[in-house]
1. Considering only residues that are free of Cβ contacts under 8 Å to residues at least 12 places away in the same chain and out of contact with any strand residue (DSSP E or B) (no Cβ under 7 Å at 6 or more places or on another chain), look in the stretch 2-47 and name the one that is farthest from Ile73 (Cα to Cα).
2. Report yes if Pro120 is modelled with pLDDT under 95, loosely packed, with under 15 Cβ neighbours inside 10 Å and over 21 Å from Gly34 (Cβ atoms), otherwise no.
3. Please state which of the following conditions Asp100 fails to meet, knowing it meets all the rest: (1) in contact (Cβ under 8 Å) with a residue 40 or more places away in the chain; (2) more than 20 Å from Asp206 (Cβ to Cβ).
4. Consider the stretch 36-66. How many of its residues are surrounded by fewer than 16 Cβ atoms within 10 Å (Cβ to Cβ) and within 29 Å of Glu218 (Cβ to Cβ)?
5. Give the residue, chosen from Lys101, Lys140, that is outside the structural domain of Ala13 (by TED's automatic domain parsing), assigned to a loop (DSSP other than H, G, I, E, B) and modelled with pLDDT of 90 or more.
6. Which residues, taken from the stretch 4-26, are under 14 Å from the mean Cα position of the chain (by Cα) and surrounded by fewer than 21 Cβ atoms within 10 Å (Cβ to Cβ)?
Amino acid sequence: MDVFVKKLESLSAGIIYVGYKINRMDGFVAGRPGPMYECACLLDYALRERGVRNNFEIHFFSPDRSPGEKGAITDRLRERGIILDDGYAPVEFLDGGMADKDGRFRKADLVLYSPEITGPSLVQKSCLPVSIGGHIDVDKYGQVKGLPHVFAAGDCANHENPPPWVPHQAHMAQLRASAAAKNMKAILNGKRSTNLYRQELSCILDMQNDAMWLYRSEDGRPPFRNIFRGVRRI
């Protein structure tokens, strides 16, 4: 990111692409679309603060976005004049741009891209079971399958039967780690794993001069609902 910012500061005009890709092989969102949406909006803000926004094209791309996709996030991008290249999937980054699978070249002065997430490479070389998406294969309690005293949570591990929208890093990793720790304690005390974690998504999209809270949960209730317990509406 430091290299990107330094190069950006040296430009007075140009074409910038921001994008991401998701690994969905394990049935959940193994990628970082949220931070990339933030980066696109923050980039727009920074260029406006410099007074040079009209000298730049900002493109947002992802093979995991469908052409013509609608929604609150899409609206925020459009409001800022960000060009949507939904469905675009580069296969090679070259000097001065990038190319797709058909060899078509797109000129770009800067590209900020977040690839799909898989488990760490050391997992592939270990005795740990690996999911089809490259993560440590765990059950709903966070226990590594086939290894009764080994647990995993966060970016390195998959979910068991997840909803397709759930992430596995950040806040979700915190919930998973908490459940796994409780189950580890239970195992050490000669008991069975019983603690599950709530499937939810919660993040704040920071746009510098604006923000948007995004959330979704398996039971339809807002995340962090207990924070406001006892608060009265006035």
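1. Result: Ser10.
2. Yes: the conditions hold for Pro120.
3. All conditions are met except number (1).
4. Qualifying residue count, the stretch 36-66: 1.
5. Going through Lys101, Lys140 in turn, just one is outside the structural domain of Ala13 (by TED's automatic domain parsing), assigned to a loop (DSSP other than H, G, I, E, B) and modelled with pLDDT of 90 or more: Lys140.
6. Listed by number, the residues that qualify are Ile22, Asn23, Arg24.
The rows are residues; the columns are (1) out of contact with any His (no Cβ under 9 Å at 6 or more places or on another chain); (2) surrounded by 15 or more Cβ atoms within 10 Å (Cβ to Cβ); (3) among the hydroxyl-bearing types (Ser, Thr, Tyr); (4) outside any loop (DSSP other than H, G, I, E, B).
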{"site": "Pro162", "(1), (2), (3), (4)": "no, yes, no, no"}
{"site": "Val166", "(1), (2), (3), (4)": "no, yes, no, no"}
{"site": "Gln169", "(1), (2), (3), (4)": "yes, yes, no, no"}
{"site": "Ala173", "(1), (2), (3), (4)": "yes, yes, no, yes"}
{"site": "Arg176", "(1), (2), (3), (4)": "no, yes, no, yes"}
{"site": "Lys182", "(1), (2), (3), (4)": "yes, yes, no, yes"}
{"site": "Ile187", "(1), (2), (3), (4)": "no, yes, no, yes"}
{"site": "Lys191", "(1), (2), (3), (4)": "yes, no, no, no"}
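The values are calculated or read from the model by the stated rules, or taken from the named source; none is laboratory data. These numbers were taken from a predicted model, which means no experiment stands behind them. Cβ coordinates were reconstructed from backbone atoms using ideal geometry, including for glycine residues, and neighbour counts include every protein chain displayed.
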